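Asker: The structure follows.
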Amino acid sequence: MILSPSLLSADFGHLAEELAALEAAGITWLHLDIMDGAFVPNITFGPPLLQALRSASKLFFDVHLMIEEPARYIGDFRAAGADMLVIHVEADRHVQRTLTAIRALGCKAGLALNPGTDISCLRWLARDMDMVLLMSVNPGFSGQAFLPITYEKIRDARRILDANGGEGVLIQVDGGVCPENTPLLVEAGAQILVSGSAFFGHKPYAQRLAAFMAGINGRALRPEEEALRRRKDILDNGTLLC
């Protein structure tokens, strides 16, 4: 399991120090939420801040584009330092083309789906992505309650991906993730968990990471998890933590 803390819940007055603290705690990924005030009712930041963070950190930058027509900006975010670009199926008219364009930039490609979005599209896109992000809250704001229907959606997504050439596609969950629901999320098939306030609100970060890991350490790995361990080519950056 990889924990990808969401930057939106960090101390924005001391971002360089926050990044250093994450690395010291053993975190390998950082989730960056890009919001445009149109696709979601909130505005965050753009490529300039991402570029500044890139110069201060070696973390794997998992960039979640919650913006309309994301294809217009993928080159800018890649140039600013994104390692993975995740677009929303609801925000892009030509999803397969955009996923292909992201990979052509030398970047990992991800596809995000809102809670109410049907996952049947994964059947046709499984070979064009490296990760699927299942939103477990409606996007836009941190601190929302986790939607339990997500567990079933994870299991269904895994079945569709595996049946359509997407055996190596990782499943990420974002929204309301905390140590208490982490074991069930991993058991359902999630491999990357995004956590904002439930992580950054509990220092020191090494102990908080340990709290997330505590519920799944010692759990027997399923066959598909063992297969993912062996596939080192899935991720060029980042390390599986369990």
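Asker: Is it true that residue 87 is part of a helix (DSSP H, G or I), among the aliphatic types (A, V, I, L, M), buried (at least 24 other Cβ atoms within 10 Å of the Cβ) and at pLDDT 95 or above? Walk me through it before giving the result.
Answerer: Working: part of a helix (DSSP H, G or I): no; among the aliphatic types (A, V, I, L, M): yes; buried (at least 24 other Cβ atoms within 10 Å of the Cβ): yes; at pLDDT 95 or above: yes.
So residue 87 does not fit the description; no.
Asker: Among the numbered conditions (1) under 18 Å from the mean Cα position of the chain (by Cα); (2) closer than 30 Å to residue 11 by Cβ; (3) surrounded by fewer than 19 Cβ atoms within 10 Å (Cβ to Cβ); (4) not acidic (Asp, Glu), tell me where residue 182 comes up short.
Answerer: Failed condition: (3).
Asker: Kindly indicate the residue of region 187-211 that is crowded, with 22+ Cβ neighbours inside 10 Å and among the hydrophobic types (A, V, I, L, M, F, W, C) and also nearest to residue 140 (Cα to Cα) among those meeting that condition.
Answerer: Going through the qualifying residues, I end up with 194.
Asker: Given the conditions (1) of a type outside the set (Ser, Thr, Tyr); (2) buried (at least 22 other Cβ atoms within 10 Å of the Cβ); (3) at pLDDT 95 or above, which single one is not true for residue 167?
Answerer: It is condition (2) that residue 167 fails.
Asker: Need the failing condition index for residue 25 against (1) in contact with a Leu (Cβ under 6 Å, 6 or more places away or on another chain); (2) surrounded by 21 or more Cβ atoms within 10 Å (Cβ to Cβ); (3) not β-branched (Val, Ile, Thr), just the number.
Answerer: (2)
Asker: Taking interchain pairs and intrachain pairs at least six residues apart, which have beta carbon atoms under 9 angstrom, with the first residue in region 168-181 and touching a residue at least 12 places away in the same chain (Cβ under 8 Å) and more than 16 Å from residue 201 (Cα to Cα) and the second part of a loop (DSSP other than H, G, I, E, B) and of a type in the set (Asp, Glu)?
Answerer: Taking only residues 6 or more apart or on different chains, the pairs are 168/130; 169/130; 170/130.
Asker: Can you find, within region 90-119, the residue that is surrounded by the fewest Cβ atoms within 10 Å (Cβ to Cβ) among those that are in contact (Cβ under 8 Å) with a residue 40 or more places away in the chain and farther than 18 Å from residue 153 by Cβ?
Answerer: Selected residue: 91.
Asker: Filter region 101-132 for residues that are more than 13 Å from residue 85 (Cα to Cα) and assigned to a loop (DSSP other than H, G, I, E, B) and give the result.
Answerer: Across region 101-132, the qualifying residues are 114, 115, 116, 117, 118.
Asker: Related question: Residues being under 14 Å from the mean Cα position of the chain (by Cα) and either of a type in the set (D, E, K, R) or assigned to a loop (DSSP other than H, G, I, E, B) (or both): count how many of those fall in region 133-179.
Answerer: 8
The values are calculated or read from the model by the stated rules, or taken from the named source; none is laboratory data. Computed from a predicted model, the values in this text were never measured in an experiment. Positions of Cβ are backbone-derived with ideal geometry, glycine not excepted, and every protein chain shown enters the neighbour counts.
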